[in-house]
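The values are calculated or read from the model by the stated rules, or taken from the named source; none is laboratory data. In this text, all values refer to a predicted model and were calculated from it rather than measured experimentally. Quick reminder, even Gly has a Cβ in these numbers, built from the backbone with ideal geometry, and neighbours come from all protein chains shown.
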Amino acid sequence: MQKTICFILVIGILAGCLDQTPNAEAALKNSVVEHNTNYSNTQGHPFPALFVQYKTKGNHVFVECIVTGITFRQSDYSKQKVGKIVVWINGKRKSEVDSAAFIIKGLTPGNHKIKLEVVKLNNVPYGLDKEFIVDIPK
């Protein structure tokens, strides 16, 4: 019974997060390589959690994140924690994004280690991060 309730809750949360990014979802459908990662929480707590899906096309990486318990909408302070995602490429801070889906553009050919870190608006980590390797073809 408890597993069923948790499953329904997770599906509801996931459906709500996907409504924020219709343009990125369309871009993801046209990509050629798809990868999924598992839920991750570096502090060992079941929630909040981070799920990352990414696809590569040419020298671009299309990233879609599902973050439970944290919103990227700065106007929604009432019920959820607010945050942003810091994008690291090969150990260097590349950018900050405030949406669940985004595109990393212009990577050079070869392997790149990408780290996504969910932080508060003042850059204090929530303890949610995901690392993965992408291979950009020549």
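Things to note:
For every residue, the table says whether it meets (1) over 20 Å from Phe51 (Cα atoms); (2) over 17 Å from the mean Cα position of the chain (by Cα).
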residue: Gly83; (1), (2): no, no
residue: Val86; (1), (2): no, no
residue: Lys94; (1), (2): yes, no
residue: Ala100; (1), (2): no, no
residue: Ile103; (1), (2): no, no
residue: Leu107; (1), (2): yes, yes
residue: Gly110; (1), (2): yes, yes
residue: Pro137; (1), (2): yes, yes
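- Beta carbons closer than 6 Å, at least 6 apart along the sequence or on distinct chains, pair a first residue in the range 108-129 that is on the phi > 0 side of the Ramachandran plot with a second that is of a type in the set (Ser, Thr, Tyr) and not in a strand (DSSP E or B) for Gly127/Thr42.
- Index of the failed condition, Gly83 passing every other in (1) surrounded by 18 or more Cβ atoms within 10 Å (Cβ to Cβ); (2) outside any strand (DSSP E or B); (3) modelled with pLDDT under 95: (2)
- Residue in the range 101-119 that is of a type in the set (Asp, Glu), within 25 Å of His60 (Cβ to Cβ) and at pLDDT below 95 present: no
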